[in-house]
1. For region 75-186, treating each Cα as an identical point scatterer without solvent, what Debye log10 I(q)/I(0) comes out at q = 0.12, 0.20, 0.21, 0.24 1/Å?
2. Place a label point 7 angstrom from the Cα of residue 182 along the Cα-to-Cβ direction, then list the residues of region 161-175 whose backbone nitrogen is under 11 Å away.
3. Can you give the angle from 0 to 90° between the axis of helix 17-29 and the longest principal axis of the chain, with both taken from C-alpha atoms, to the nearest 10?
4. Let me know the whole percent of all Cα-Cα pairs from the chain that are separated by more than 26 Å.
5. Quick one: 111, 195, fewest Cβ neighbours within 10 Å first, how do they rank?
6. What angle, in degrees between 0 and 90 and rounded to the nearest 10, separates the Cα long axis of helix 180-199 from the longest principal axis of the Cα atoms of the chain?
7. Whole-Å semi-axes of region 153-195's equivalent ellipsoid, largest first, each the root of 5 times a Cα gyration tensor eigenvalue?
8. Considering the zone a paramagnetic label at residue 69 would reach in this model (a point 7 Å from Cα along the Cα-to-Cβ line), which residues of region 185-201 have amide N under 14 Å from it?
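Values in this text are rule-based calculations from the coordinates and carry no lab data. What you see is a predicted model; the values in this text were computed from it and never measured. All Cβ positions, even for glycine, are placed from backbone atoms using ideal geometry, and neighbour counts span all protein chains on display.
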């Protein structure tokens, strides 16, 4: 078994991957760091795959772990999704134009891309707050907790789905063209506030 932590050979207790990760996490806790990437025999293991490999023996494997400081990781993730918000805005505009040109099939594809950006944004916000132990109720923007804005975003996305289901292309085009630009701007501000809050912790 060969184990590397941040590219440095190390010894960690444990017969399987799960035990090795627990040992690594305990050792990193004192430095305020967490494991952010796991490689098993040269392949990145994450998400559901990580769970499937928890009980796998690592006696003949090479395990490479990468750690990061939670605050830096959270800020990096938020900065990345913030950079993608203009893309969402451009997709909204493009979809509205496609609807106005009576091309709903292409518009739906464009809207799906925009929704994907928003879901990534939502996941980054929730994940970043969680990794630094921050409750979004503690982050106030214009007198409102961050959770109010995350809930509103989900409602807005459901609103798009309802218009699509109803086949109301006129209302859908108007919503994308006239309501969502303000939402993009607001979320740029919200993520900026969240980044600032995390950096000050």
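1. Once normalised to I(0) and log-transformed, intensities are -0.44, -1.05, -1.12, -1.35.
2. Answer for this model: none.
3. 90 degrees
4. Numbers: 9936 of 20100 pairs.
For the chain, the fraction of Cα-Cα distances above 26 Å is 49 percent.
5. Values: 111 25, 195 18.
Sorted ascending by nearby Cβ count, the order is 195, 111.
6. Value to nearest ten degrees: 30.
7. On the way: eigenvalues 122, 26, 3 Å².
Values for region 153-195, descending: 25, 11, 4 Å.
8. 198-201
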